[in-house]
Structure formats: structure tokens, C-alpha cells
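The values are calculated or read from the model by the stated rules, or taken from the named source; none is laboratory data. Source: prediction; values computed, not measured. Note: ideal-geometry Cβ built from the backbone for every residue, glycine included; neighbour counts use all protein chains shown. Heavy atoms of the whole protein, side chains included, go into the accessibility calculation; ligands, DNA and RNA do not. Shrake-Rupley method; radii C 1.70, N 1.55, O 1.52, S 1.80 Å.
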Amino acid sequence: MISSKQKLPRHIAVIMDGNGRWATSKGLSRSEGHRAGADSIDRLMEISLELGLEAISLYAFSTENWKRPVTEIRSIFNLLVEFIDSRLEGISKKGVRILHSGSRKRLSSKVLSKIDSAIEITQKNRKLTVNFCVNYGSQEELLNAFSKLSEERRKKKIPIQKPISTKELEKYLYTYPLPPVDLLIRTAGERRLSNFLLWQSAYAELFFTDTLWPDFGEKDLKEALDWYGRRTRKFGGLENG
Ligand code: IPE
Ligand code: IPE
Ligand code: MG
């Protein structure tokens, strides 16, 4: 049970893994697994709104996922477009702000225009921020951030010797201005980060569950939040400050 006094994470990141295994176990195609995964996103958004969470980042497609068969990639992006088309009005009315983290480089103009219109339509909403990480990889994000930062410094004629601060760099991350990740959840039994929010999760609490993403629901989220509530976060200091 989540008590009203319990400390909630400001920013939850989710590696939504296991759609393929879920589908295989039911004799379905991988794309049907991704469709069931999209229904789990609906549930997660609903519960997050009920609980009054501030921000969730969802790993939907990584820079490494381009290695998958083109048919699977196509089905994931078709689902993304369908997801935005069918949900945008409803979630916008509920106060959800949509953000995108990731490179725009290999995304089709159709996908980009859907994402951009979702961001624009929901830009004033603040009840819950849902950050879709699409074509996202932390290493690419950091390389992009460093190159944008050095370009900006060159334009402003800032001497190369002037040290770069973390604050300065963070302005160039795709996730800016979201706060750092407090709780990172990965489903489907894997215990790795797969290039997700490496900088932002520097002090995140890591919650791993065997539940496959399409089966992830209220019970699992509450279990993760309860577990998070019992952690002592020290950020390198001592327990009692
Ligand atoms: C996660 O599920 C969704 C994406 C990576 C797009 P997977 O497709 O990785 O599912 P498994 O790991 O094969 O079960
Ligand atoms: C991570 O899952 C990416 C997403 C959930 C979008 P993967 O299934 O691609 O990760 P690996 O390949 O098992 O590390
Ligand atoms: Mg996987």
C-alpha cells in the first residue's frame, strides 16, 4: 500500500523489456507483444496520474534497436504513431505533458511530425510529464551534448581551458529540464542498463522485476514504489546527513 506520507520519486525511468518473450510464450507475433506493451503504458500513465507522480521516462526504442529486423522496427514505429493518434486528445485533457528524448536523425518525417505535434499540444500541461525515449541511447546523447556545448562555447569565444560544469552540460541532454532519475525500473528479469539514461541515473535506485512488460501493472508499480520508499539515499554522504 502506498501511504500518503510515503516519499515518492520525482522521476521514474522504465526499461520496458520483455514484449517479445511475452508474445512468444503465448504463441503470438513479436509485434503483438509490442501492442500489448502499449496497453501497459496506458495503465502506467493512469496510475501515475492517480498517484500524482511528476515524471516518467519510457524507453521505447534504443539506438541499438535498429539492429532488429526491418519488419519489427516498422511495427514498433507504426504502433508509436497509432499510440499518439489514439491517445493524444485524452491524455492531454488529463494534464499530461509529452516530451521526447533521443536523436531525430534516423526517424521518419511521419514519426517526427507526430512526436512534435504531441509535444506542442501538451506543452502547457504539468500534471504528469511522460518522456518518450525514442531512438535514444545515452552514449549518443552525451556525444551530441558535448559537441553542441563545444560549438556554443566556440561561438561565444569561451576559452577552451574554462572547465565545463555539470549544470552546463546537462542543458544539452535530451532530458533537459527533467530532474535526475530517482527510481529506474527494468522488467523481464534482465539486470542491465542497455545504454539508458546513464548520466541521469547516477544516483538512481535500481528496481529489477521478472514481470514481462505487457504484464506490468498497478501491483508491480506499487511494489517498486514501496521498495523505493524503504531505501536510504545517501548520495555519497552519511545516513544521518
Ligand atoms: C522491449 O521488448 C521493447 C523494445 C525493445 C522495443 P523486447 O522486444 O526487447 O522483448 P524481449 O526482450 O525480446 O522479450
Ligand atoms: C532495451 O531493451 C531497449 C528498450 C526497452 C527500448 P532491449 O531488449 O533492446 O535490450 P537488450 O538488447 O536486451 O540489452
Ligand atoms: Mg528485450
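Got a sec? Which of F77, F83, F61 is under 25 Å from G137 (Cα atoms), within 16 Å of ligand 3 (Cβ to nearest atom) and either touching a Cys at 6+ places or on another chain (Cβ under 9 Å) or aromatic (F, W, Y) (or both)?
F61
Given the options I76, I98, I84, I56, name the one that is open to solvent by 20 Å² or more (accessible area, probe 1.4 Å), touching a residue at least 24 places away in the same chain (Cβ under 8 Å) and either farther than 20 Å from V134 by Cα or away from ligand 1 (no atom under 14 Å from the Cβ) (or both).
Only one candidate qualifies: I84.
Pull out all pairs, ordered by first then second residue, where Cβ-Cβ is under 7 Å, the residues are six or more apart or on different chains, the first lies in region 105-121 and is in a helix (DSSP H, G or I), and the second is of a type in the set (G, A, S).
Close Cβ pairs satisfying both conditions: I121/S92.
Identify, please: which residue in region 12-33 is away from ligand 3 (no atom under 11 Å from the Cβ) and buried (at least 20 other Cβ atoms within 10 Å of the Cβ) and is, among those, farthest from L142 (Cα to Cα)?
A23
Closer than 20 Å to K219 by Cα, open to solvent by 70 Å² or more (accessible area, probe 1.4 Å) and without any contact (Cβ under 8 Å) to a residue 40 or more places away in the chain, is that true of E89?
no
For region 180-193, check the following and say yes or no: at least one residue is hydroxyl-bearing (S, T, Y), open to solvent by less than 80 Å² (accessible area, probe 1.4 Å) and either touching a helix residue (DSSP H, G or I) at 6+ places or on another chain (Cβ under 6 Å) or in a loop (DSSP other than H, G, I, E, B) (or both).
Yes, the conditions are met somewhere in region 180-193.
Quick test for you: out of L149, L173, pick the one residue that is surrounded by 14 or more Cβ atoms within 10 Å (Cβ to Cβ) and assigned to a helix (DSSP H, G or I).
Result of the check over L149, L173: L149.
From L53, L58, grab the single residue that is within 16 Å of ligand 2 (Cβ to nearest atom) and among the aliphatic types (A, V, I, L, M).
L58
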